Amino acid sequence: MSLAEMPDGDAAVDTLLTRIAASAADMLAGVDYASITAWRGAGYITVAASSDLVRAVDDAQYGEGGGPCVLAEQTAVPVTVPDIAATMSWPGFHRQATALGLRASVSVPLFAGGGTPTAVLNLYGRAPAPLVALAAGVRGAFAVEGIPADGFGRAGDAGTRRFLIGLGLALQRRVTIQRAVGAVMAHDGCDAVQAHQVLQERITVTGELLSTAARRVITGMGSDPDTDVHVVVGPPAGDVVAVSVTGELAAPVDAAVSGRLAAVLDEPATTSEWDLSGLRFCDVAGLRLLLGVRDRAVADGRRMRVVAASDAVRTLLSLTETAALFGYPPPAADADSDG
């Protein structure tokens, strides 16, 4: 389960934060140390660190009540220090970081189901260039509250791509949960705490993920028309039929949507060319549905090709290594059609 799906007070939160710190230090190019800052009771503490050496850098920030990790927790936005040597706003942070030879840092707010910062992931490095590039991707993810566009979708190291995709998906789940909270508040005339309790009671009964329950609440209250999936099938051109899919293809997938996608195979054309550039969001459940359509097409001796994809779809195909199954990306001559 991801952090975004957990209640803020869940006992497993700190265990997951420890794993996040360790994996960030291992997977991200240019990150020499990673730590997790969280507010506990009367002050900040480091709940996890990839090395005890970096705790002194965090402690210096707590001691002077300021620094990138403190600011990220207070503002709920990422804080980047591209040149620690030139940063004099936080003398304690400057002194301890430079003593370790650190030259750049990125502090990233992390959110559990409550929607406010549960912790901050601190990334420290001795080489500034990789962290400056990573910071751009992090800011992009926060700007769109989802998977950042282009840059890290097709370029960058594999670890950075995985991190940014995970961060983007977590931010998308956070948006969904907060929209559901707002819908419950408006419908029931309650406050945010009570609205969160409604969602928690729902997942206790159904066993759903928090974001899945939130989507069901939003759909049930009729407040989310923009997430509808639209499938448009063009007239056949010889042996090829063009298919356009827009909206958000994610769990829970409505049976009617599955039916509309499968109905494409009823067309007489032997090849279907799919434009997925209008899919703002696609999760693993949506990908499984597309793979199911593709498998049926292959079994019938047909071809299903993706000729254009949104950033969300493109990065998901890359992460799951399924792009080749859909013939994506298309040949160079058709690359201009890429969304």
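The values are calculated or read from the model by the stated rules, or taken from the named source; none is laboratory data. Worth saying up front: this structure is predicted, and the values here are computed from it rather than measured. We place every Cβ from the backbone using ideal geometry, glycine too, and count neighbours over all the protein chains shown. Heads up: the accessible areas ignore ligands, DNA and RNA and are worked out on the full protein's heavy atoms, side chains in. Shrake-Rupley method; radii C 1.70, N 1.55, O 1.52, S 1.80 Å.
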Go ahead and estimate [θ] at 222 nm for the chain from helices alone: -39,500 (n - 2.57) per DSSP H run with n ≥ 4, summed, over the residue count, rounded to 500. -14500 deg cm²/dmol
What is the Cα convex hull volume of the stretch 9-142 when expressed per residue in Å³? 97 Å³
The stretch 80-184: translational diffusion in µm²/s, Stokes-Einstein, Kirkwood Rh over Cα pairs, 25 °C, 0.890 mPa s: 164 µm²/s
Modelling each spin label as a point 7 Å along the Cα-to-Cβ direction, I'd like the Val253/Gln200 distance in nm, to one decimal. 3.3 nm
Residue separation times 0.36 nm, minus the C-alpha to C-alpha distance between Ala262 and Ala237: what's the value? 7.1 nm
Fully extended, how many nm does the chain gain between Ser89 and Thr322 (0.36 nm per residue separation, minus their Cα-Cα distance)? 79.2 nm
Could you calculate, for the chain, the ratio of the Cα radius of gyration to the Kirkwood radius, expressed as Rg to Rh? 1.03
Long-range amide H partners of Ala48, meaning residues 5 or more apart or on another chain whose placed amide H is closer than 5 Å, are Ile36
Geometric extent, Cα atoms of the stretch 216-304 - Rg, Dmax (angstrom): 13.6, 44
With no solvent and one point per C-alpha, what does the Debye sum give as log10 I(q)/I(0) for the stretch 151-310 at q = 0.13, 0.17 Å⁻¹? -0.74, -1.04
Highest to lowest packing among 283-292, 245-254, scored as the average C-beta count within 10 Å: 245-254, 283-292
So how do 23-35, 106-118 stack up, highest first, on mean other-Cβ count within 10 Å? 106-118, 23-35
Take each complete run of DSSP H in the chain, measure how far its Cα atoms stretch along the helix's own axis, and keep only those covering 20 Å or more with mean Kyte-Doolittle hydropathy at least 1.0; list them. 128-144
If you average 1/r over all unlike Cα pairs in the stretch 1-65 and invert the result, what Kirkwood radius do you get in angstrom? 12.7 Å
For the stretch 188-282, what relative contact order do you get, as a whole percent, if you take Cα pairs closer than 8 Å and at least 6 residues apart? 25 percent
Given a 1.4 angstrom probe, I'd like the percentage of the accessible area of the chain that is carbon and sulfur, rounded to a whole number. 55 percent
Would you mind checking which residues have amide H under 5 Å from Val229's amide H? H placed 1.01 Å from N; only 5 or more apart, or other chain. Glu248
Working out 0.36 nm times the residue gap between Val284 and Asp188, then minus their Cα-Cα distance, what length gain in nm do you get to one decimal? 31.3 nm
